[in-house]
Each structure stands twice: as C-alpha cells, then as structure tokens.
Ligand code: ATP
C-alpha cells in the first residue's frame, strides 16, 4: 500500500554499558502485516522490542509510529497510543482472575460497554479463558497464561502488537494453539511484530521476515521466500 507504515525503525541501536546488543537496524511493519523477527539466542531481538516500546532508551536511531517519532517515549504513553507488547515470560497477574486480567488490559480505555463487548469477543477466540473466567490466572498452565497475556494486550485495542517469543516453554500442542490464535488476530487486522525462536512456524504465519544475527539484520524478505531460502533453512530451520 502507499499508506504510512505502522512502524518504521531506522538505524536503531541498543547498548548495555559497553556491550552493543543492537548495532543499527532498520525494519518496518505495514498496515495489516504480520512481520517476524527471527535469529539465535542473544541476537538482539528482545532488546529491539524493548527499545521500540520504550522499555529501554535506544543508544541511537529512530522509531516512527504512524509516521510520528516516538523514540524513547515511555511504554505507558505508547500503550495509550495503541502500541502494546506481550513480553517474554508473559507477566500475567497471577493473583487476579482471568476477567480481572482482561480488565487490567483495558486500563487505557474508559468505555465500559466496549470493554465488556471486547471481553466477550476475545472469549470467543480464546474459549479456554471463558471456561475459566473467574479462576485465578496463576492456576492456569503456561500455554493458557500465554493466551491470557495475548488477550490482555488485545484489550487495549492495539494498533500494533509486539509479541516476544509467545511459544517459549510450551508443549507442541500449545505452540500450535498459540499460532492459531496469532493467525486469528491477524485476520482481525491487527498488525504484529513477532519475535520467535520457532522460525519455521513464525515464517509460515508471517507476511515478511527479518533475520537478526549479532545485533544486525542480516536478511529480510517475503516470509515464503525465506522459508525456501537455503541459507535460512540451514541456519534457522534445522534443515539441509
Ligand atoms: P533471547 O532469545 O535470548 O532473548 P535475543 O535475540 O532476544 O535473545 P537480547 O536478549 O536482545 O537477544 O540480547 C542481546 C545481547 O544483549 C546479548 O548478548 C545479551 O547477553 C545482551 N543483554 C541483554 N540484556 C542485557 C542486560 N540487561 N545487560 C547486559 N547485557 C544484556
């Protein structure tokens, strides 16, 4: 499309003291796109997400959100503007019920009826959460907590959703389920930037992909081309 990208990252750098974790990367998410960022442990993917969402102040570069510079803006302000993240390790409120967690996700909104309607809407996508609506989140399995973390982020009605390793630590069946949900969310038109260790599933679900290695983007393109690229297959898909 000719419209403004939802997210445009230019020359982004992240440093921890003297360690350069992200060394100047460019990436883009356009309207309706699911973009995945793959790469080995320690490549700098999480640091990239944290710099985009204002959790970390970047050491350099620029983050444009719908064309507006938001570089270094506080996470809270970005959530208000529709930029939501599901962090690695999920961080659901374990001592609150499922419904309370979802209400917390809507903290930036004040349309009570809309919030109720959205809870019902996401309950249809996540039936397990509906079944357990009044239970404490801490009693659910890791996969169910991942679903809840995603549903909670969606309650803010994000214009862009960042997901950090949603499949991490889950059983194969729950991994499939998480990706099914990611596809459903994509079908609802929510643009997403997905960081994943599971490169195969991520590329199968995504429109486009970026490969990160040692703080740099080393490759990018259409996800379906990357799935068949011999270098990607050998290095990231465990195939020869
Ligand atoms: P992972 O899959 O392990 O999360 P990643 O691609 O997300 O990997 P990052 O977590 O962004 O990578 O880490 C990039 C580099 O920055 C690594 O070398 C890591 O050791 C380093 N790093 C990350 N967080 C910190 C920190 N708080 N202090 C110092 N170094 C850090």
Out of (1) surrounded by 16 or more Cβ atoms within 10 Å (Cβ to Cβ); (2) within 22 Å of residue 154 (Cα to Cα); (3) touching a helix residue (DSSP H, G or I) at 6+ places or on another chain (Cβ under 8 Å), what's the single condition that is false for residue 91? (1)
Every residue in region 48-69 that is over 14 Å from residue 8 (Cβ atoms), assigned to a helix (DSSP H, G or I) and in contact (Cβ under 8 Å) with a residue 40 or more places away in the chain, please. 49
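Just checking: which of the strands (runs of 3 or more DSSP E) contained wholly in region 180-240 hold 2 or more residues that are touching a strand residue (DSSP E or B) at 6+ places or on another chain (Cβ under 7 Å) and surrounded by fewer than 18 Cβ atoms within 10 Å (Cβ to Cβ)? Break it down into steps so the answer makes sense when it comes.
Numbers: elements: 192-196, 208-213, 216-222.
Output list reads 216-222.
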Looking only at region 1-49, count how many residues are modelled with pLDDT under 95, more than 7 Å from the ligand (Cβ to nearest atom) and surrounded by 21 or more Cβ atoms within 10 Å (Cβ to Cβ). 0
In region 50-68, what count of residues is obtained for those that are near the ligand (Cβ under 9 Å from one of its atoms) and within 15 Å of residue 6 (Cα to Cα)? 0
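To keep it simple, each residue is scored yes or no on (1) within 21 Å of the chain's Cα centre (by Cα); (2) in contact (Cβ under 8 Å) with a residue 24 or more places away in the chain; (3) in a helix (DSSP H, G or I).
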| site | (1), (2), (3) |
| --- | --- |
| 118 | yes, yes, yes |
| 138 | no, yes, yes |
| 153 | yes, yes, yes |
| 157 | yes, yes, no |
Identify, by number, the condition in (1) away from the ligand (no atom under 16 Å from the Cβ); (2) over 30 Å from residue 95 (Cβ atoms); (3) touching a residue at least 24 places away in the same chain (Cβ under 8 Å); (4) not in a helix (DSSP H, G or I) that residue 134 doesn't meet. (2)
For region 162-175, indicate whether the set of residues that are more than 14 Å from the ligand (Cβ to nearest atom) and surrounded by 21 or more Cβ atoms within 10 Å (Cβ to Cβ) is non-empty. no
Meets criteria (free of Cβ contacts under 8 Å to residues at least 60 places away in the same chain and either away from the ligand (no atom under 16 Å from the Cβ) or not in a strand (DSSP E or B) (or both)) for residue 73: yes
Note on residue 90: of the conditions (1) at positive phi; (2) assigned to a loop (DSSP other than H, G, I, E, B); (3) in contact with a strand residue (DSSP E or B) (Cβ under 8 Å, 6 or more places away or on another chain), unmet is (3)
Check off (1) within 16 Å of the ligand (Cβ to nearest atom); (2) closer than 21 Å to residue 84 by Cβ for residue 183 and give me the number that stays unchecked. (1)
In the list 176, 239, 180, which residue meets the criterion of being at pLDDT below 95 and within 15 Å of the chain's Cα centre (by Cα)? 180
Unmet requirement for residue 168, which otherwise passes all of (1) out of contact with any helix residue (DSSP H, G or I) (no Cβ under 8 Å at 6 or more places or on another chain); (2) touching a residue at least 40 places away in the same chain (Cβ under 8 Å); (3) not in a loop (DSSP other than H, G, I, E, B): (3)
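Quick check on region 78-86. Is at least one of its residues touching a residue at least 40 places away in the same chain (Cβ under 8 Å) and within 16 Å of the ligand (Cβ to nearest atom)?
Step one: filter region 78-86 for residues touching a residue at least 40 places away in the same chain (Cβ under 8 Å), giving 79, 81-86.
Narrowing the set further to residues that are within 16 Å of the ligand (Cβ to nearest atom) leaves 85-86.
Yes, because at least one residue in region 78-86 is touching a residue at least 40 places away in the same chain (Cβ under 8 Å) and within 16 Å of the ligand (Cβ to nearest atom).
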Within region 129-145, track down each residue that is in contact with a helix residue (DSSP H, G or I) (Cβ under 7 Å, 6 or more places away or on another chain) and more than 22 Å from residue 85 (Cβ to Cβ). 130, 132, 133, 134, 135
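The values are calculated or read from the model by the stated rules, or taken from the named source; none is laboratory data. Bear in mind that the values here come from a model prediction, so they are computed numbers and not experimental data. Every residue, glycine as well, gets a Cβ built from its backbone with ideal geometry; the counts of neighbours run over all protein chains shown.
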